[in-house]
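**Student:** Got a structure for you, questions after.
The values are calculated or read from the model by the stated rules, or taken from the named source; none is laboratory data. Predicted model, so just to flag it, every value in this text is computed and none were measured. FYI the Cβ positions are ideal-geometry reconstructions off the backbone, even for glycines, and counts take in every protein chain you see. Note: accessible area is taken over every heavy atom of the protein model, side chains too, but ligands, DNA and RNA are not part of it. Shrake-Rupley method; radii C 1.70, N 1.55, O 1.52, S 1.80 Å.
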Amino acid sequence: MHDTALVVVVVIIAIGFDFTNGFHDTANAIATSISTHALSPRIAVVLSAVMNFVGAFVTLKVAATIGSGVIDPKHHHITLTMIMAALLGAIGWNLLTWYRGLPSSSSHALIGGLIGAGIVGLGFSAVSWDSVVSKMIIPLVASPIIGFVVAYILMLIIYWIFRGARPRPANRGFRLAQILSAAYVSFSHGTNDAQKTMGIITLALISGGYLSSKSFDVPIWVIVAAASAIAFGTYAGGWRIIRTMGTRLYKIEPAQGFSAQTVAATVIQGASNFGFPVSTTHVVTGSVLGAGASQSVSAIRWGIGRNIILAWIITLPMAAIFAGITYAVFHLFTT
(Lines give C-alpha, C1' and ligand atoms only; values in the text may rest on other atoms or scores of the structure.)
Protein backbone atom coordinates (compact mmCIF):
# COMPACT_ATOMS: atom_id res chain seq x y z
CA MET A 1 0.00 0.00 0.00
CA HIS A 2 1.41 3.34 -1.03
CA ASP A 3 1.96 5.91 1.72
CA THR A 4 1.92 8.85 -0.64
CA ALA A 5 2.02 11.63 1.95
CA LEU A 6 5.10 10.20 3.70
CA VAL A 7 6.86 9.59 0.38
CA VAL A 8 6.25 13.23 -0.56
CA VAL A 9 7.62 14.40 2.82
CA VAL A 10 10.76 12.27 2.43
CA VAL A 11 11.32 13.56 -1.13
CA ILE A 12 10.97 17.16 0.08
CA ILE A 13 13.45 16.56 2.92
CA ALA A 14 15.85 14.90 0.46
CA ILE A 15 15.63 17.94 -1.81
CA GLY A 16 16.29 20.08 1.28
CA PHE A 17 19.41 18.03 2.02
CA ASP A 18 20.55 18.49 -1.58
CA PHE A 19 20.05 22.25 -1.22
CA THR A 20 22.13 22.34 1.99
CA ASN A 21 24.74 20.20 0.23
CA GLY A 22 24.94 22.83 -2.51
CA PHE A 23 25.43 25.85 -0.25
CA HIS A 24 27.60 23.87 2.18
CA ASP A 25 29.95 22.80 -0.61
CA THR A 26 29.99 26.00 -2.69
CA ALA A 27 33.39 26.77 -1.20
CA ASN A 28 34.84 23.65 -2.81
CA ALA A 29 34.58 25.13 -6.26
CA ILE A 30 34.90 28.87 -5.87
CA ALA A 31 36.68 29.86 -2.65
CA THR A 32 40.17 29.82 -4.13
CA SER A 33 39.02 31.59 -7.31
CA ILE A 34 37.45 34.38 -5.26
CA SER A 35 40.42 34.73 -2.90
CA THR A 36 42.84 35.11 -5.83
CA HIS A 37 40.45 37.53 -7.60
CA ALA A 38 40.17 35.21 -10.60
CA LEU A 39 36.39 35.54 -10.34
CA SER A 40 34.04 37.93 -8.61
CA PRO A 41 31.79 36.30 -6.00
CA ARG A 42 28.63 36.79 -8.06
CA ILE A 43 30.08 35.35 -11.27
CA ALA A 44 31.71 32.52 -9.35
CA VAL A 45 28.47 31.30 -7.76
CA VAL A 46 26.56 31.51 -11.06
CA LEU A 47 29.27 29.55 -12.87
CA SER A 48 29.38 26.98 -10.08
CA ALA A 49 25.59 26.57 -9.99
CA VAL A 50 25.35 26.01 -13.75
CA MET A 51 28.17 23.46 -13.81
CA ASN A 52 26.76 21.63 -10.78
CA PHE A 53 23.48 21.24 -12.67
CA VAL A 54 25.18 19.98 -15.83
CA GLY A 55 27.41 17.54 -13.96
CA ALA A 56 24.45 15.85 -12.30
CA PHE A 57 23.40 14.27 -15.61
CA VAL A 58 26.66 12.45 -16.36
CA THR A 59 26.42 9.17 -14.43
CA LEU A 60 24.16 7.31 -11.98
CA LYS A 61 26.79 5.00 -10.47
CA VAL A 62 27.12 6.99 -7.25
CA ALA A 63 23.32 7.09 -6.87
CA ALA A 64 23.22 3.29 -7.01
CA THR A 65 26.00 3.01 -4.41
CA ILE A 66 24.17 5.28 -1.95
CA GLY A 67 20.75 3.78 -2.59
CA SER A 68 21.74 0.13 -2.28
CA GLY A 69 25.25 0.06 -0.82
CA VAL A 70 24.57 0.94 2.83
CA ILE A 71 21.46 -1.19 3.38
CA ASP A 72 20.45 -3.43 0.48
CA PRO A 73 16.72 -2.89 -0.26
CA LYS A 74 16.56 -6.36 -1.86
CA HIS A 75 17.18 -8.04 1.51
CA HIS A 76 15.87 -5.55 4.07
CA HIS A 77 12.72 -3.48 4.25
CA ILE A 78 13.93 0.07 4.73
CA THR A 79 11.05 2.17 5.99
CA LEU A 80 10.36 5.72 4.94
CA THR A 81 10.80 6.77 8.58
CA MET A 82 14.37 5.42 8.54
CA ILE A 83 15.17 7.33 5.36
CA MET A 84 13.66 10.52 6.79
CA ALA A 85 15.68 10.12 10.01
CA ALA A 86 18.87 9.59 8.00
CA LEU A 87 18.25 12.77 6.01
CA LEU A 88 17.39 14.86 9.07
CA GLY A 89 20.50 13.62 10.86
CA ALA A 90 22.67 14.59 7.88
CA ILE A 91 20.96 17.98 7.48
CA GLY A 92 21.36 18.72 11.20
CA TRP A 93 25.08 18.02 11.09
CA ASN A 94 25.48 20.00 7.84
CA LEU A 95 23.83 23.04 9.40
CA LEU A 96 25.87 22.79 12.60
CA THR A 97 29.21 22.59 10.76
CA TRP A 98 28.12 25.33 8.33
CA TYR A 99 27.31 27.61 11.28
CA ARG A 100 30.76 26.90 12.74
CA GLY A 101 32.38 27.55 9.34
CA LEU A 102 33.86 24.05 9.12
CA PRO A 103 34.06 22.40 5.67
CA SER A 104 32.88 18.98 6.83
CA SER A 105 31.63 16.26 4.51
CA SER A 106 28.02 16.06 3.33
CA SER A 107 28.87 12.60 2.00
CA HIS A 108 30.03 11.43 5.42
CA ALA A 109 26.93 12.98 6.97
CA LEU A 110 24.54 11.19 4.61
CA ILE A 111 26.28 7.83 4.88
CA GLY A 112 26.45 8.21 8.66
CA GLY A 113 22.75 9.07 8.73
CA LEU A 114 21.85 5.95 6.77
CA ILE A 115 24.03 3.78 9.03
CA GLY A 116 22.60 5.27 12.24
CA ALA A 117 18.97 4.94 11.17
CA GLY A 118 19.63 1.46 9.78
CA ILE A 119 21.26 0.18 12.97
CA VAL A 120 18.51 1.53 15.24
CA GLY A 121 15.72 0.42 12.91
CA LEU A 122 16.98 -2.91 11.59
CA GLY A 123 19.98 -3.89 13.67
CA PHE A 124 23.76 -3.85 13.22
CA SER A 125 23.76 -6.79 10.79
CA ALA A 126 21.46 -4.97 8.34
CA VAL A 127 24.29 -2.63 7.30
CA SER A 128 26.28 -3.88 4.29
CA TRP A 129 29.59 -3.32 6.06
CA ASP A 130 31.76 -4.76 3.26
CA SER A 131 30.22 -2.31 0.79
CA VAL A 132 30.38 0.58 3.26
CA VAL A 133 34.08 0.01 3.89
CA SER A 134 35.22 -0.78 0.34
CA LYS A 135 33.03 1.64 -1.65
CA MET A 136 32.60 4.47 0.84
CA ILE A 137 34.95 4.70 3.81
CA ILE A 138 38.18 3.74 1.99
CA PRO A 139 37.55 6.14 -0.93
CA LEU A 140 36.48 8.88 1.52
CA VAL A 141 39.75 8.49 3.45
CA ALA A 142 42.06 7.91 0.47
CA SER A 143 40.77 10.67 -1.83
CA PRO A 144 41.95 13.72 0.18
CA ILE A 145 45.35 12.08 0.69
CA ILE A 146 45.63 11.53 -3.06
CA GLY A 147 44.56 15.16 -3.60
CA PHE A 148 47.24 16.40 -1.18
CA VAL A 149 50.07 14.38 -2.75
CA VAL A 150 49.18 15.06 -6.39
CA ALA A 151 48.57 18.80 -5.81
CA TYR A 152 51.93 19.02 -4.03
CA ILE A 153 53.71 17.32 -6.95
CA LEU A 154 51.86 19.39 -9.56
CA MET A 155 52.87 22.60 -7.81
CA LEU A 156 56.53 21.53 -7.81
CA ILE A 157 56.24 20.93 -11.56
CA ILE A 158 54.58 24.32 -12.06
CA TYR A 159 57.31 26.06 -10.03
CA TRP A 160 59.97 24.37 -12.17
CA ILE A 161 58.28 25.18 -15.52
CA PHE A 162 57.64 28.84 -14.61
CA ARG A 163 60.82 29.38 -12.58
CA GLY A 164 61.98 32.18 -14.90
CA ALA A 165 58.59 33.79 -15.53
CA ARG A 166 57.71 37.25 -14.30
CA PRO A 167 55.21 37.03 -11.42
CA ARG A 168 52.61 39.50 -12.73
CA PRO A 169 51.93 37.95 -16.19
CA ALA A 170 52.20 34.43 -14.71
CA ASN A 171 49.59 35.24 -12.07
CA ARG A 172 47.35 36.78 -14.71
CA GLY A 173 47.54 33.59 -16.75
CA PHE A 174 46.78 31.35 -13.80
CA ARG A 175 43.80 33.53 -12.83
CA LEU A 176 42.36 32.94 -16.28
CA ALA A 177 43.10 29.22 -15.96
CA GLN A 178 41.28 29.22 -12.62
CA ILE A 179 38.04 30.04 -14.39
CA LEU A 180 38.27 26.70 -16.18
CA SER A 181 39.43 24.81 -13.09
CA ALA A 182 36.57 26.28 -11.01
CA ALA A 183 34.09 25.15 -13.65
CA TYR A 184 35.72 21.70 -13.66
CA VAL A 185 35.40 21.37 -9.86
CA SER A 186 31.75 22.41 -9.99
CA PHE A 187 31.04 19.94 -12.79
CA SER A 188 32.66 17.09 -10.87
CA HIS A 189 30.83 18.13 -7.69
CA GLY A 190 27.50 17.81 -9.49
CA THR A 191 28.56 14.45 -10.91
CA ASN A 192 29.29 13.05 -7.44
CA ASP A 193 27.20 14.89 -4.87
CA ALA A 194 23.89 15.32 -6.70
CA GLN A 195 23.89 11.55 -7.22
CA LYS A 196 23.62 10.99 -3.47
CA THR A 197 20.22 12.65 -3.26
CA MET A 198 19.08 10.78 -6.36
CA GLY A 199 19.99 7.55 -4.60
CA ILE A 200 18.06 8.50 -1.45
CA ILE A 201 14.92 9.55 -3.34
CA THR A 202 14.99 6.38 -5.43
CA LEU A 203 15.40 4.35 -2.23
CA ALA A 204 12.34 6.15 -0.80
CA LEU A 205 10.32 5.34 -3.92
CA ILE A 206 11.31 1.67 -3.58
CA SER A 207 10.39 1.69 0.11
CA GLY A 208 7.04 3.33 -0.67
CA GLY A 209 6.22 0.74 -3.32
CA TYR A 210 6.51 3.04 -6.32
CA LEU A 211 9.57 1.30 -7.80
CA SER A 212 10.73 -2.30 -7.83
CA SER A 213 13.64 -3.31 -5.59
CA LYS A 214 14.83 -5.81 -8.21
CA SER A 215 16.69 -3.11 -10.11
CA PHE A 216 17.90 0.35 -9.12
CA ASP A 217 16.53 2.67 -11.82
CA VAL A 218 16.52 6.41 -11.18
CA PRO A 219 13.53 8.23 -12.77
CA ILE A 220 14.32 11.24 -14.93
CA TRP A 221 12.29 13.59 -12.72
CA VAL A 222 14.47 12.59 -9.77
CA ILE A 223 17.61 13.48 -11.74
CA VAL A 224 16.20 16.89 -12.70
CA ALA A 225 14.98 17.62 -9.15
CA ALA A 226 18.31 16.70 -7.53
CA ALA A 227 20.32 18.63 -10.12
CA SER A 228 18.13 21.71 -9.65
CA ALA A 229 18.28 21.59 -5.84
CA ILE A 230 22.07 21.38 -5.68
CA ALA A 231 22.36 24.15 -8.28
CA PHE A 232 20.07 26.50 -6.34
CA GLY A 233 21.90 25.63 -3.12
CA THR A 234 25.20 26.45 -4.78
CA TYR A 235 23.83 29.78 -5.95
CA ALA A 236 22.76 30.60 -2.37
CA GLY A 237 26.42 30.25 -1.36
CA GLY A 238 28.12 29.09 1.81
CA TRP A 239 30.06 32.22 2.65
CA ARG A 240 31.25 31.13 6.10
CA ILE A 241 33.01 28.10 4.62
CA ILE A 242 34.26 30.09 1.62
CA ARG A 243 36.21 32.26 4.08
CA THR A 244 37.78 29.20 5.72
CA MET A 245 38.73 27.53 2.44
CA GLY A 246 39.87 30.68 0.66
CA THR A 247 41.74 32.65 3.29
CA ARG A 248 42.07 31.01 6.69
CA LEU A 249 44.13 27.95 5.69
CA TYR A 250 46.78 30.14 4.04
CA LYS A 251 47.07 33.02 1.59
CA ILE A 252 46.62 31.19 -1.68
CA GLU A 253 48.20 32.29 -4.97
CA PRO A 254 46.63 31.84 -8.44
CA ALA A 255 48.96 28.97 -9.42
CA GLN A 256 48.17 27.15 -6.18
CA GLY A 257 44.46 27.70 -6.67
CA PHE A 258 44.61 26.31 -10.20
CA SER A 259 46.61 23.30 -9.06
CA ALA A 260 44.30 22.51 -6.13
CA GLN A 261 41.13 22.85 -8.19
CA THR A 262 42.38 20.83 -11.16
CA VAL A 263 43.68 17.97 -9.03
CA ALA A 264 40.58 17.88 -6.82
CA ALA A 265 38.21 17.84 -9.79
CA THR A 266 40.14 15.03 -11.47
CA VAL A 267 40.12 12.90 -8.31
CA ILE A 268 36.37 13.48 -7.80
CA GLN A 269 35.57 12.73 -11.44
CA GLY A 270 37.57 9.52 -11.33
CA ALA A 271 35.75 8.41 -8.17
CA SER A 272 32.37 9.14 -9.78
CA ASN A 273 33.23 6.92 -12.73
CA PHE A 274 33.74 4.03 -10.28
CA GLY A 275 30.61 4.85 -8.29
CA PHE A 276 32.52 5.99 -5.18
CA PRO A 277 30.68 8.71 -3.19
CA VAL A 278 33.72 10.70 -2.08
CA SER A 279 33.66 13.96 -0.19
CA THR A 280 34.33 16.92 -2.44
CA THR A 281 35.04 18.92 0.72
CA HIS A 282 37.75 16.50 1.79
CA VAL A 283 39.33 16.27 -1.64
CA VAL A 284 39.43 20.02 -2.24
CA THR A 285 40.77 20.75 1.26
CA GLY A 286 43.47 18.08 0.86
CA SER A 287 44.43 19.52 -2.52
CA VAL A 288 44.53 23.09 -1.15
CA LEU A 289 46.80 21.96 1.70
CA GLY A 290 49.04 20.04 -0.73
CA ALA A 291 49.41 23.01 -3.06
CA GLY A 292 50.21 25.31 -0.14
CA ALA A 293 52.70 22.93 1.47
CA SER A 294 54.72 22.87 -1.76
CA GLN A 295 55.62 26.51 -1.18
CA SER A 296 56.16 26.43 2.56
CA VAL A 297 54.92 24.09 5.24
CA SER A 298 54.98 26.98 7.70
CA ALA A 299 52.61 28.98 5.46
CA ILE A 300 49.78 26.60 6.32
CA ARG A 301 47.72 27.45 9.38
CA TRP A 302 47.78 23.91 10.69
CA GLY A 303 45.57 24.80 13.65
CA ILE A 304 42.70 25.45 11.24
CA GLY A 305 43.67 22.31 9.34
CA ARG A 306 43.48 20.26 12.55
CA ASN A 307 39.97 21.54 13.22
CA ILE A 308 38.93 20.54 9.70
CA ILE A 309 40.46 17.08 10.11
CA LEU A 310 38.64 16.68 13.43
CA ALA A 311 35.37 17.55 11.69
CA TRP A 312 36.18 14.91 9.04
CA ILE A 313 36.73 12.24 11.72
CA ILE A 314 33.62 12.89 13.79
CA THR A 315 31.14 13.68 10.98
CA LEU A 316 30.15 10.09 10.15
CA PRO A 317 29.60 8.93 13.76
CA MET A 318 27.93 12.20 14.80
CA ALA A 319 25.51 12.11 11.84
CA ALA A 320 24.83 8.45 12.69
CA ILE A 321 24.01 9.43 16.28
CA PHE A 322 21.81 12.33 15.12
CA ALA A 323 19.91 10.02 12.75
CA GLY A 324 19.65 7.19 15.26
CA ILE A 325 18.16 9.49 17.90
CA THR A 326 15.80 11.03 15.34
CA TYR A 327 14.57 7.60 14.27
CA ALA A 328 14.12 6.47 17.90
CA VAL A 329 12.00 9.57 18.59
CA PHE A 330 9.92 9.00 15.43
CA HIS A 331 9.43 5.34 16.37
CA LEU A 332 8.45 6.25 19.93
CA PHE A 333 5.68 8.58 18.83
CA THR A 334 4.38 6.52 15.90
CA THR A 335 3.97 3.17 17.65
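**Student:** On a full-extension model of 0.36 nm per residue, what is the gain between Trp221 and Ile313, subtracting their alpha-carbon distance, rounded to one decimal in nm?
**Tutor:** 29.7 nm
**Student:** Further question on the same structure: Kindly report, to the nearest 10 Å², the accessible surface of Lys135 as traced by a 1.4 Å probe over protein heavy atoms only.
**Tutor:** 90 Å²
**Student:** Continuing with the same structure: Counting pairs of alpha carbon atoms under 8 Å apart in space and at least six apart in sequence, what relative contact order in percent does the chain give?
**Tutor:** Relative contact order for the chain comes out at 40 percent.
**Student:** If you line up the Cα atoms of the stretch 1-140 on their principal axes, what length do they span on each, largest first, in Å?
**Tutor:** Sorted from largest, the Cα extents of the stretch 1-140 read 52, 36, 32 Å.
**Student:** Now for a different question. Between Phe23, Phe274, Phe162, where does the largest GNM mean-square fluctuation fall for the chain, given springs only between Cα atoms within less than 10 Å?
**Tutor:** Evaluated over the chain, the most mobile residue of the options is Phe162.
**Student:** Which of Ala14, Ala126, Ala90 moves most in a GNM of the chain, Cα contacts under 10 Å?
**Tutor:** Ala126
**Student:** On to the next question. How big is the convex hull of the Cα atoms of the stretch 57-212, per residue, in Å³?
**Tutor:** Hull volume normalised by residue count: 135 Å³.
**Student:** For the residue pair Ile161 and Val54, what label-to-label distance in nm results when each label sits 7 Å from Cα along the Cα-to-beta-carbon direction?
**Tutor:** Placing both labels 7 Å beyond Cα along the Cβ direction yields 2.3 nm.
**Student:** Just from its helices, what would the mean residue ellipticity at 222 nm be for the chain, if runs of 4 or more DSSP H residues each count -39500 (n - 2.57) and the sum is divided by every residue, rounded to the nearest 500 deg cm²/dmol?
**Tutor:** Mean residue ellipticity, 222 nm, calculated: -25000 deg cm²/dmol.
**Student:** OK, next. With every protein chain left in place, what is the accessible area of Tyr99 in Å² (1.4 Å probe, nearest 10)?
**Tutor:** 130 Å²
**Student:** Could you work out which residue, out of Ile321, Ile161, Ile66, moves most in a Gaussian network model of the chain, that is, has the largest mean-square fluctuation with Cα springs under 10 Å?
**Tutor:** Ile161
**Student:** Fully extended, how many nm does the chain gain between Ala170 and Val329 (0.36 nm per residue separation, minus their Cα-Cα distance)?
**Tutor:** 51.5 nm
**Student:** Could you check how much of the accessible area of the stretch 40-91 is carbon and sulfur, as a whole percent, using a 1.4 Å probe?
**Tutor:** Carbon plus sulfur share of accessible area: 69 percent.
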